[in-house]
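Novice: Handing you a structure now.
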Amino acid sequence: MDRVYQIQKDEYVGGGTVARRQVGSGYQLPVTVGTVVLGLAAAYAAACVVLYLLRNRLVFPMRGGPAGPPHRYGLPNGEAVAITLADGARLTGWLLWPPEPTPKPWTVLLWFHGNGETVAGLAPIFRAFQHPHAALLALDYRGYGASTGSPTVANVTLDTDAVMAWLKAHVDAFPDRIVVYGRSAGSGPATHVAARHHVAGLVLESAFTSLPAMAREHFRIFPPFLAGSGFDNLGTIARVACPVLFVHGDHDRTIPIAMGRALARRAPLVHEFWVIPRAGHNETYELGGAAYAQRVRRFVERATAVTR
């Protein structure tokens, strides 16, 4: 005989233990443990797919943001620049000339900002950090500020070669007079540049070890490989042949200071590891203050023997 599915409350099917309740004029089919497990597994798999597809958006979440020439933001010693890439995308940003008269070739601080920042939004920081006898080049990632295209870990890494080529061609910058600065997500392209090109020094602020390590820190129930394999700072920094200044807040909950210390242990030529007390991830500029800016300027001096 066929099993009967329309039954009343407290009845059982074939001696089984699954009760079915009458709900109004309809009936509710049984929900078994297996059904729940399959549903959770499907939801987890879907979440994994979404995370993988959004991996670049998680690293580079911004689009647009403040843009314009430096004089509009109170920096008269500079110009807006643009670099056209091989695929037609354009990186826009600023070249700030040395604030005081300085003979060429200039020392240059090449700046890679964090993923929640734009070049124009950092105008007060540049004013404080720029050495009086050094130039500063900062470019927005694809999709940031007035830059075109969409940023990915892969193309941001590749774009650094075009940036270095432009810097050497248009500023006559000698490799031993280039210092690279990278903050947070910017530590990825900055470390790549320092490992791939001959430069005088590297400043890493709030730097992470790798994207999978960041995934383990913030998405612990998901496989870390979903974050991709780019920006492997821990592996890359072993190939950096210049002095490195590390800066990290000891209250950083986004990129724990332990990651910065792990990078410092791997770097062949650590210049210094400077801790900013009580600073969270986005408080380093504020709490580091003038001491932070002065430390960077002095590092630039020592790394490049900049003209004073």
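Novice: Can you give the local net charge around F273? Use residues other than it whose beta-carbon is closer than 10 angstrom to its beta-carbon, Lys and Arg +1, Asp and Glu -1.
Specialist: Values: positive: R261, R265; negative: E272.
It works out to a net charge of +1.
Novice: Among rounded, prolate and oblate, which fits the range 213-308 when a ≥ b ≥ c are the square roots of the eigenvalues of its C-alpha gyration tensor, a/c under 1.5 means rounded, and a/b larger than b/c means prolate? Spell out each step's value before the answer.
Specialist: Working: a/c = 2.86, a/b = 1.45, b/c = 1.97.
Verdict is oblate for the range 213-308.
Novice: Next up: To the nearest 500 deg cm²/dmol, what mean residue ellipticity at 222 nm is calculated for the chain from DSSP H runs of n ≥ 4 alone, each contributing -39,500 (n - 2.57), summed and divided by the residues? All intermediate terms of the calculation are to be shown ahead of the outcome.
Specialist: Details: 9 runs with 104 residues, N = 308.
So the helix-based figure for the chain works out to -10500 deg cm²/dmol.
Novice: Can you tell me, using C-alpha contacts under 8 Å and at least 6 residues apart, the relative contact order of the range 58-304 as a whole percent?
Specialist: The value is 16 percent.
Novice: Let me ask you something else. Which is farthest toward the positive dipole end of the chain among T32, L51, V179, measuring Cα position about the Cα centre, with Cβ charges +1 (Lys, Arg) and -1 (Asp, Glu)?
Specialist: T32
Novice: Determine the shape class of the range 111-233: with a ≥ b ≥ c the square roots of the Cα gyration tensor eigenvalues, call it rounded for a/c under 1.5, and otherwise prolate if a/b is greater than b/c, oblate otherwise.
Specialist: Values: a/c = 1.80, a/b = 1.67, b/c = 1.08.
Prolate is the answer for the range 111-233, as a/c is 1.5 or above and a/b outweighs b/c.
Novice: What is the set of long-range amide H partners of F112 at a cut-off below 5 Å, with H atoms built 1.01 Å from backbone N?
Specialist: Those lying under 5 Å, H to H, from F112 are Y181, G182, R183.
Novice: Have a look at L122, T236, Y144 and report the one farthest towards the positive end of the charge dipole of the range 58-304, computed about the Cα centre with Cβ charges (Lys/Arg +1, Asp/Glu -1).
Specialist: Among L122, T236, Y144, the one farthest towards the positive end of the dipole of the range 58-304 is T236.
Novice: Something else: What does the charge count around F225 come to, taking other residues whose C-beta lies under 11 Å from its C-beta (Lys +1, Arg +1, Asp -1, Glu -1)?
Specialist: On the way: positive: R55, R216; negative: none.
Charge balance near F225 sits at +2.
Novice: Could I ask something else about it? Quick check: from the Cα gyration tensor, does the range 107-168 come out rounded (a/c under 1.5), prolate or oblate?
Specialist: Details: a/c = 2.59, a/b = 1.37, b/c = 1.89.
In terms of gyration-tensor shape, oblate.
Novice: Dipole size in debye (nearest 20) for the chain around its Cα centre, Lys and Arg Cβ +1, Asp and Glu Cβ -1?
Specialist: Numbers: 29 positive and 21 negative charges, 49 e Å.
For the chain, the charge dipole is close to 240 debye.
Novice: Answer with one residue from H133, T107, F246: the one whose Cα lies farthest towards the positive end of the charge dipole of the range 58-304, charges on Cβ with Lys, Arg +1 and Asp, Glu -1.
Specialist: Toward the positive end, the furthest listed residue is F246.
Novice: Which helices, counted as full DSSP H runs in the chain, have an axial Cα extent of no less than 15 Å and a Kyte-Doolittle average of 0.0 or above? Walk me through the intermediate numbers first.
Specialist: Details: long enough: 33-53 (30 Å, 2.16); 153-170 (26 Å, 0.52); 284-304 (27 Å, -0.53).
Result, helices passing both filters: 33-53, 153-170.
Novice: Please give me the summed charge of the neighbours of H197: other residues whose Cβ is under 13 Å from its Cβ, Lys and Arg +1, Asp and Glu -1. Spell out each step's value before the answer.
Specialist: Numbers: positive: K168, R177, R196, R239; negative: D161, D176.
Counting the neighbours of H197, the net charge comes to +2.
Novice: Over the Cα atoms of the range 58-304, how large are the radius of gyration and the largest Cα-Cα distance (Dmax), in Å?
Specialist: Spelled out, the Cα radius of gyration and Dmax of the range 58-304 are 16.7, 55 Å.
Just so you know, all these numbers are worked out from the coordinates, no wet-lab data involved. Bear in mind that the values here come from a model prediction, so they are computed numbers and not experimental data. Positions of Cβ are backbone-derived with ideal geometry, glycine not excepted, and every protein chain shown enters the neighbour counts.
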